Amino acid sequence: MHSYRSLLPRAFRLASLILCVMNAAWGATLASRAKVDGGRARIRFVEGKAASTGSVDAAGPAFKWNVGDRGLPLLSLPNTRLTPGLDQSLSYPLGQFSFPIFQALNFDEEHARYLLPSLSTESKGVHFIEFARVESKNKYASIDGANITLIDNDSMKVVRTNDGARYIFVRYPDGEFRCASIKDSSGASLNLLYTANGLMLHGLVDSSGRTVTFNYANDGIKSVTQTWMANSEGLTKTWIVGDQPESPINASVKFSHAVFAFTKAMPANAVVRQYTSAMAAADKTLAHIFGGSNAVAGANGFEPAGLAASYPLYRGDIIGDDGIKRRGHLSYAMHLYGNADGTSDSPLYVPAGFTQNSGQPSPTDAVVTFYYPRLGNLTDVTLAVFHVADFQMSAEGERVRIGRIGGPGGSSAAYKHSHIEFYRGNTGLPPLAARPRLRIDPTTVFTIASDGLSK
């Protein structure tokens, strides 16, 4: 009993601390009414291996969630070391699919549909559950016969299966909709707990107080720690991931921005497989045109490597198990950051030569548009710059400074950026549905020199 008395209070204090952090992040999120960057809510999916429902592809066979047996840890794991890549494969049952809990709910602007990444037990591949609007403006239904519905409550989305299970997705400070809680058909509930900036899934806790904690290192998840009750005794155990040393695990997580040096695995369904030197030169050119001296751009479907902890590195076109190509967030669009990990500020510029421009940033995404009879290699082009802070135009030679990166709609205290798109014609800011067919690949607008600077 002595071990129980000393261990159990610490376990519950940890769970309480995590819940407080989650509630604070959730409350701040629900209080924000800013419109999410439509471009951010694009498809991105880290490679996952299909397994049986509610499983993790670790070092051994499929494992299940012990939601109904409180004498066991919440998640069954093998006694051996776990294989790296838990964030790519750990999933929870969702109807006839498995939902990878590290993934986000997305919105497909081109077809006005919500898309939820899942693992298909039939095709053994990545499947997108597509939700199309029905009946009312805030109700959507799956179009694949799975009988799953989605209720759109602005900063909160509720996904329901036909057996009564409910999955709540909340908008976190970076604009992403991540799963915050799950209540299955039996009434068992799980809360998913994120670090304060909302960028990393820190763990889970169920209604009986069992916890799962993901402990991170520079190369991803280094261990998984679980606490639970068995025979009136509080238990805790840590499972090592990969070739980590056998030293005691420090499970504490700083609730602030974390910068990791590792990159995410390439999605198996990515159309572009490699970030080339030509892509790097194009990104360098665009950063030189639109940002300050230390600015970093991403315009080839890849984010800067320093953001790999926050995003999948690849955010370009992908293909689902249905064979349909879907645009990613950085398909024919670009991001501009102050530095490689997104923590620095940068002045924001546009090329001179525009003949029309919007007078003020829009009230939600802080977007400003500029029309160019000629821009770089092209004619008749509209430039749209999203998330403009401190908007004020001043000519500086061949560029016009319009403010700073990191305006409303797409940044958080953890990082800041601006999102830039090019459209054919004098369009102003096109409606969401029209933007995909009007977008121009940013890397084709300007001539790229070997040193990465435009001629």
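The values are calculated or read from the model by the stated rules, or taken from the named source; none is laboratory data. Computed from a prediction, not measured in an experiment: that's the story for all the values here. With ideal geometry, Cβ positions are generated from the backbone for all residues, glycine too; neighbour counts draw on all protein chains shown. Protein only, heavy atoms only, side chains kept; ligands, DNA and RNA dropped before computing areas. Shrake-Rupley method; radii C 1.70, N 1.55, O 1.52, S 1.80 Å.
Side notes on the structure shown:
- Within region 132-146, the only residue that satisfies the criterion of being closer than 15 Å to Leu105 by Cβ, among the hydroxyl-bearing types (Ser, Thr, Tyr) and open to solvent by 10 Å² or more (accessible area, probe 1.4 Å) is Ser142.
- Every condition in (1) closer than 23 Å to Asn79 by Cα; (2) at pLDDT 85 or above; (3) open to solvent by less than 20 Å² (accessible area, probe 1.4 Å) holds for Thr236 except the one numbered (3).
- Residue count for region 85-97 satisfying the condition of being touching a Phe, Trp or Tyr at 6+ places or on another chain (Cβ under 7 Å) and under 21 Å from Ala165 (Cα atoms): 4.
Yes/no per residue for (1) within 23 Å of Phe302 (Cβ to Cβ); (2) among the hydrophobic types (A, V, I, L, M, F, W, C):
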{"residue": "Leu330", "(1), (2)": "yes, yes"}
{"residue": "Phe354", "(1), (2)": "no, yes"}
{"residue": "Asn357", "(1), (2)": "no, no"}
{"residue": "Thr382", "(1), (2)": "no, no"}
{"residue": "Ala389", "(1), (2)": "no, yes"}
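- Single unsatisfied condition, Ala282 versus (1) over 15 Å from the mean Cα position of the chain (by Cα); (2) at pLDDT below 80; (3) open to solvent by less than 10 Å² (accessible area, probe 1.4 Å): (2)
- Criterion: modelled with pLDDT of 85 or more, open to solvent by less than 20 Å² (accessible area, probe 1.4 Å) and within 28 Å of Arg327 (Cα to Cα) - qualifying residue of Ile129, Ile182: Ile129
- For region 149-173, filtering for residues that are β-branched (Val, Ile, Thr) and farther than 18 Å from Leu190 by Cβ leaves 2.
- Counted residues, region 204-235 - those being part of a strand (DSSP E or B) and out of contact with any helix residue (DSSP H, G or I) (no Cβ under 6 Å at 6 or more places or on another chain): 18
- Residue match in region 344-354 (condition: surrounded by 22 or more Cβ atoms within 10 Å (Cβ to Cβ), at pLDDT below 85 and more than 16 Å from Phe422 (Cα to Cα)): no
- Leu336 vs. criteria among the aliphatic types (A, V, I, L, M), crowded, with 23+ Cβ neighbours inside 10 Å and touching a residue at least 24 places away in the same chain (Cβ under 8 Å): yes
- Evaluated against (1) farther than 17 Å from Val296 by Cβ; (2) of a type in the set (Ser, Thr, Tyr); (3) buried (at least 23 other Cβ atoms within 10 Å of the Cβ); (4) modelled with pLDDT under 95, Thr364 falls short on exactly one condition, (3).
- Within region 87-123, the set of residues being aliphatic (A, V, I, L, M), modelled with pLDDT under 85 and buried (at least 21 other Cβ atoms within 10 Å of the Cβ) comprises Leu119 only.
- Close Cβ contacts (under 9 Å, 6 or more residues apart or on different chains) running from residues in region 375-392 that are touching a residue at least 24 places away in the same chain (Cβ under 8 Å) and on the phi > 0 side of the Ramachandran plot to residues that are open to solvent by 50 Å² or more (accessible area, probe 1.4 Å) and of a type outside the set (Gly, Ala, Ser) comprise Gly376/Thr444; Gly376/Thr447; Asp380/Pro373; Asp380/Arg374; Asp380/Arg424; Asp380/Asn426; His387/Pro408; His387/Lys416.
- Test: Asp341 is open to solvent by 60 Å² or more (accessible area, probe 1.4 Å), part of a loop (DSSP other than H, G, I, E, B) and within 29 Å of Tyr275 (Cβ to Cβ): no
- Yes/no for Ser89 being out of contact with any Lys or Arg (no Cβ under 8 Å at 6 or more places or on another chain), under 25 Å from Arg327 (Cα atoms) and of a type in the set (S, T, N, Q): no
- When Ser331, Ser346, Ser358, Ser362 are screened for being free of Cβ contacts under 8 Å to residues at least 60 places away in the same chain and either at negative phi or not acidic (Asp, Glu) (or both), only Ser346 passes.
- When Thr195, Thr149, Thr211 are screened for being open to solvent by 10 Å² or more (accessible area, probe 1.4 Å) and polar (S, T, N, Q), only Thr149 passes.
- Only one of the numbered conditions (1) open to solvent by less than 30 Å² (accessible area, probe 1.4 Å); (2) farther than 21 Å from Asn300 by Cβ is not met by Arg404, and that is (1).
- Of note, Lys222 does not satisfy the criterion of being touching a residue at least 24 places away in the same chain (Cβ under 8 Å), open to solvent by less than 20 Å² (accessible area, probe 1.4 Å) and of a type in the set (D, E, K, R).
- Restricting attention to region 228-240, the residues that are touching a residue at least 60 places away in the same chain (Cβ under 8 Å) and closer than 18 Å to Leu86 by Cβ total 3.
- Pick from region 344-370, criterion part of a loop (DSSP other than H, G, I, E, B) and polar (S, T, N, Q), ranking: farthest from the chain's Cα centre (by Cα): Thr355
- Elements of type strands (runs of 3 or more DSSP E) in region 389-441, at least 1 residues being in contact with a helix residue (DSSP H, G or I) (Cβ under 7 Å, 6 or more places away or on another chain): 417-424
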